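Here the structure comes first, spelled out in structure tokens, and everything after it is commentary.
Throughout, read-outs are computed from the coordinates displayed, never taken from laboratory work. Note that the structure is predicted; figures quoted are calculated from it, not measured. Counting neighbours? That spans all protein chains shown, and the Cβs are built from the backbone with ideal geometry, glycine included.
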Amino acid sequence: MGGLTWNYILKRFSMFLLTFWLGSSLIFIIPRLAPGDPVSAMVVRIVMREGYMENAQEIIESWKERFGLNDPMAVQYVKYLGNVVQFDFGFSLARFPTDAWDIVLPALPWSIGLLSVASVISFIIGNTIGALMGWDKTPRWLKSILPFSLTFTAIPYFMFGLLLIFILAFKLHWLPASGGYGRGVDPGWNWEFIKSIIRHGTLPLLSIIITSSGGWALGMRGLMITANSEDHFLLAQAKGLSPRRVFLRYGVRNAIMPSLTAFALGLGGLVSGSTLVEFIFAYPGTGYTLFQAIQTQDYTVIEAVCNLMILITSGSVFFIDLLYPLLDPRITFKSNK
Amino acid sequence: MSTINTENLILDAPTDAKKVLEVENLRVQYDTPRGAVRAADDVSFYLKEKEILGLVGESGCGKTTTAMAILQMVQSPGRIVGGQIRINGRNIVGIPESELRKYRWTELSLIPQGAMNSLNPVIKIKEQMADAIRAHENIKKKDLKPRILKLFNDVGLPERVYNMYPHELSGGMKQRVCIAMSIVLNPSVIIADEPTSALDVVVQRVVAQTILEVKERLGVSMIMIGHDMGLQAQMVDRVAVMYAGRLVEIGPVMKMFKNPTHPYTQLLIEAIPSIKEKKPLKVTEGLTHDLRNTPEGCIYQFRCEHVEDSCCNEPPRMYQVGIDHFVSCRHAAERARSMELLGGYHG
């Protein structure tokens, strides 16, 4: 297989570190550009809820001191970077005694589970449809049907989700409308619980798959048409290879590369969840958590979710960079044997 | 001049030599919104055993279209609208894809035009060689490598190429891989589409020699497309000249160069620069007509110096003017015949 060299790995790894650092710094800077600060915002929230708060100004000052918000920016930044390195963002500001991670981590498996299944399935379905649409040997009947499968791409997935809830949950009562698992089901490794997860996951899954595979299909179609007119594709046909082999090894194999990169980039989204879908289905994932954190201006939770997202995105790009030379041998050159 | 005549006799394989490939009234057209472009119109010729036929003409004259039609690989919106292509006597136009695949590479192989892009960049050379064999034969895994290495040896490639990717090879090496690939199943006919055009002159010469060696060893017949008349003169046995989708002249290469018959062939030969004398480039007035709108009568009437009224009314057919020598011009044929009556071509 291709050539993974230490030099290459090192280069990519430093790119990974650089990306991560830049992303984290932005997460640090952006909330601080907004007027106000999290502590005042929280106190204001309490005042609005309770109607009155004693010594509000003093509390704000002492908490600011405690969270280090009075320090110069540079000091705060260094402290923040320290937090990022240890991956510890402290307490949730909205639900104070709880650690930010204790809010984010339990939500993680839900989002990763839902979205990894959804993205893998829509990647496969979408690219298959696209490759068949772009191939000149595809049977005509199939070619005329395929574009209809893309109609749903035009519908935003949260709208489609609402439609699915309306038809499959409210009208037909086939599937539950919201939540991650049924009430009264005992979480754990038992069949009831797993069944409940699958039943609850089906609608969000469907709404993501049906609406997002079209994007893959359109991209793949274009790439496949280009691959179709490559000289080596024509030569493969002239060699009398079976159409299946020409399609897979000389068409899809070459056309899939850019889609694969896009797929890796999308992996970061697994962690952040799909905010809108999770909101509609009240799905207990990170997207829903992020939504709640933004509503309550819970900056540490936002930071935790965002940093996790940056880590996973740049991490998966790093991973795909390592994988790429194995798939496309032109990326690196073997050092002299 | 009589020496050349005897040479001609040697170059001319006897007419009753086996015809491995016969193209008869081949018509290919590209359907466009503004009418059909006739890219190959009524093209007929034959290829004899162990012969190299050069196919020449200016860009867009239908050389590559004709070659692709023989391979049954005309790309959409083009299609074959008529004629027959017979390999060893059997017609392959219009047969189903699954039947066609049996002919591909076993009977008809291709050395492609752009060697640079003709190999799949993400698959190793050995795999690309192997899948041609596997598509047509049941070969044991252990027999595969020696067979491919022997082919590499035949075309002068080092053994290490076996495990390499296309981007690790030079242009010349890639073209040799393509040559090796084209002979892997011992085909009857190889079509070489400008096999040397993307290479520099030194490599061109080496690659051309490799092709000739391979051809000699295997006794295969070839069609060599090109517009390098000098290279053609050195390599081919017969030349076919195409103009605007039609074959205008086909004949033994020496005769064609010494004594071109068709006015267009004359023009092509005169356009070859000479290192011995300085001569102005001859350019004819007039442009090639729009291929959607073929004129009545002779195809070359707008550019021909000797055009007469009769040329514009009735299209010429192919007139035989010698052994394996045909021309599609009434006047040229008459001239050639009268010259022959007067005592040969070189009078």
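For A:K239, the amide hydrogen comes within under 5 Å of no other amide hydrogen, counting only partners 5 or more places away or on other chains and with H modelled in the peptide plane.
First check a/c for the range B:263-341, with a ≥ b ≥ c the square roots of the eigenvalues of its C-alpha gyration tensor; if it is under 1.5, answer rounded, and if not, answer prolate when a/b is larger than b/c or oblate otherwise. Oblate is the answer for the range B:263-341, as a/c is 1.5 or above yet b/c matches or exceeds a/b. Quick one: check the C-alpha center-to-center distance for the range B:192-212 versus the range A:28-55, whole angstrom. Using only Cα atoms to place each centre, the spacing works out to 78 Å. About the centre of its Cα atoms, the range A:102-295 shows a dipole size close to 780 debye [charges on the beta carbon of Lys, Arg (+1) and Asp, Glu (-1) only; nearest 20 debye]. In this entry, the range B:170-220 is assigned a mean projected area of 3.2 nm², taken as a quarter of its C-alpha convex hull surface. Computed over Cα pairs, the Kirkwood radius of chain A leads via Stokes-Einstein (1.306 mPa s, 10 °C) to a diffusion coefficient of 68 µm² per second. Look at the dipole of the range B:263-341 built from charges on Cβ: of B:L267, B:L281, B:S338, the Cα furthest out on the positive end belongs to B:L281. Each residue of the range A:71-79 is assigned a 3J(HN,Hα), and the resulting list reads 5, x, 3, 4, 5, 4, 5, 5, 4 Hz, derived from the Karplus form 6.51 cos²θ - 1.76 cosθ + 1.60 (θ = phi - 60°), x at Gly and Pro. In this Cβ point-charge picture (+1 for Lys and Arg, -1 for Asp and Glu), the range B:263-341 has a dipole of about 340 debye about its Cα centre.
Taking Cα centroids, how far is the range A:224-294 from the range B:227-273 in Å? The distance from the Cα centre of the range A:224-294 to that of the range B:227-273 comes to 52 Å. Say the dipole of the protein assembly as shown comes from +1 at the beta carbon of Lys and Arg and -1 at that of Asp and Glu; which of B:L247, A:S207, A:V305 then lies farthest toward its positive end? After comparing all options, I get B:L247. Seen from B:A130, the other residues with C-beta closer than 10 Å to its C-beta sum to a net charge of +4, counting Lys and Arg as +1 and Asp and Glu as -1.
Which one of A:I198, A:M257, A:A118 is farthest out on the positive end of the charge dipole of the range A:102-295, using unit charges on Cβ (Lys, Arg +1; Asp, Glu -1) and the Cα centre as origin? Comparing the listed Cα positions along the dipole, A:M257 ranks first. Cross-linked pairs B:K19/B:K126; A:K137/B:K50; A:K143/B:K142; B:K102/B:K140; B:K19/B:K102; B:K19/B:K63: Cα-Cα separations exceed 30 Å for B:K19/B:K126; A:K137/B:K50; A:K143/B:K142. Shown here is the pair-distance distribution of the range B:96-247: with all Cα-Cα distances grouped in 10 Å bins from zero up to the longest one, the shares run 10, 40, 36, 12, 2, 0 percent.
When only the Cβ of Lys, Arg, Asp and Glu is charged (+1, +1, -1, -1), the dipole of the range A:6-86 relative to its Cα centre reaches about 580 debye. Calculated [222 nm] ellipticity per residue, helices only, for chain B: -10000 deg cm²/dmol; basis is -39500 (n - 2.57) per DSSP H run with n ≥ 4, divided by all residues, nearest 500.
Determine the percent antiparallel among the DSSP beta bridges restricted to the range B:18-236, to the nearest 5. Of those bridges, close to 60 percent are antiparallel. In straight-distance terms, cross-link reach from A:K79 covers every one of the lysines whose alpha-carbon lies under 27 Å from its own, apart from those fewer than eight places away in the same chain; here that gives A:K64. For a straight C-alpha distance cut-off of 23 angstrom, the lysines reachable from A:K11 (same-chain residues fewer than eight places away being disregarded) are A:K334, A:K337. Bridgeable aspartates and glutamates around B:K150 (alpha carbons under 13 Å apart, same-chain partners fewer than 8 residues away excluded): B:E159. Packing order of peptides A:50-61, B:199-210, highest average first: B:199-210, A:50-61 (average count of other Cβ atoms within 10 Å over each peptide's residues). The HN-Hα couplings worked out from phi for the range A:90-103 by the Karplus form 6.51 cos²θ - 1.76 cosθ + 1.60 (θ = phi - 60°) are x, 7, 5, 7, 7, 10, 3, x, 7, 6, 4, 5, 5, 8 Hz, whole numbers, x standing for Gly and Pro. Our summary gives chain A a relative contact order of 31 percent, counting only alpha carbon pairs under 8 angstrom and 6 or more residues apart.
Springs join every pair of Cα atoms under 10 Å in this Gaussian network model of chain B, and among B:I52, B:I85, B:I123 the largest mean-square fluctuation is at B:I123. Under the rule that a partner needs its Cβ under 4.7 Å from the first Cβ, which Cys of chain B have none? Among the cysteines of chain B, those whose Cβ sits 4.7 Å or more from every other are B:C61, B:C178, B:C304, B:C312, B:C329.
Highest GNM mean-square fluctuation among A:V104, A:V117, A:V47, for chain A modelled with Cα contacts below 10 Å: A:V47.
Close amide-amide hydrogen proximity is noted between B:L21 and B:L47, B:N88, each under 5 Å apart and 5 or more residues distant or on a separate chain (H modeled in the peptide plane; Pro and chain starts excluded). Using θ = phi - 60° in the Karplus curve 6.51 cos²θ - 1.76 cosθ + 1.60, the 3J(HN,Hα) couplings for the range B:48-61 round to 8, 4, 6, 10, 10, 10, x, 10, 10, x, 6, 4, x, 7 Hz; x is entered for Gly and Pro. Across all C-alpha atoms in the range A:9-86, the radius of gyration and Dmax reach 17.1, 58 Å.
Which of B:S182, B:S274, B:S44 moves most in a GNM of chain B, Cα contacts under 10 Å? Greatest mean-square fluctuation among the candidates belongs to B:S274. Across peptide A:226-236, the average count of Cβ atoms from other chains found within 10 Å of a residue's Cβ is 6. Calculated mean residue ellipticity, 222 nm, chain A: -22500 deg cm²/dmol, from DSSP H runs (n ≥ 4) at -39500 (n - 2.57) each, averaged per residue and rounded to 500.
Under a 5 Å amide H cut-off, with hydrogens placed 1.01 Å from N, B:I299 pairs with nothing among residues at least 5 apart or on other chains.
The mean number of Cβ atoms from other chains found within 10 Å of a Cβ in peptide B:99-112 is 3, as a whole number. All distinct Cα pairs of the range B:227-308 go into the 1/r average, and the inverse of that average, the Kirkwood radius, is 14.0 Å. Take each residue of peptide B:118-127, count the partner chain Cβ atoms within 10 Å of its Cβ, and average: the result is 5. With the convex hull drawn over the C-alpha atoms of the protein assembly as shown, the volume per residue is 252 Å³. Spatial offset of the range A:88-111 relative to the range B:78-135 amounts to 62 Å, using the alpha carbon center of each.
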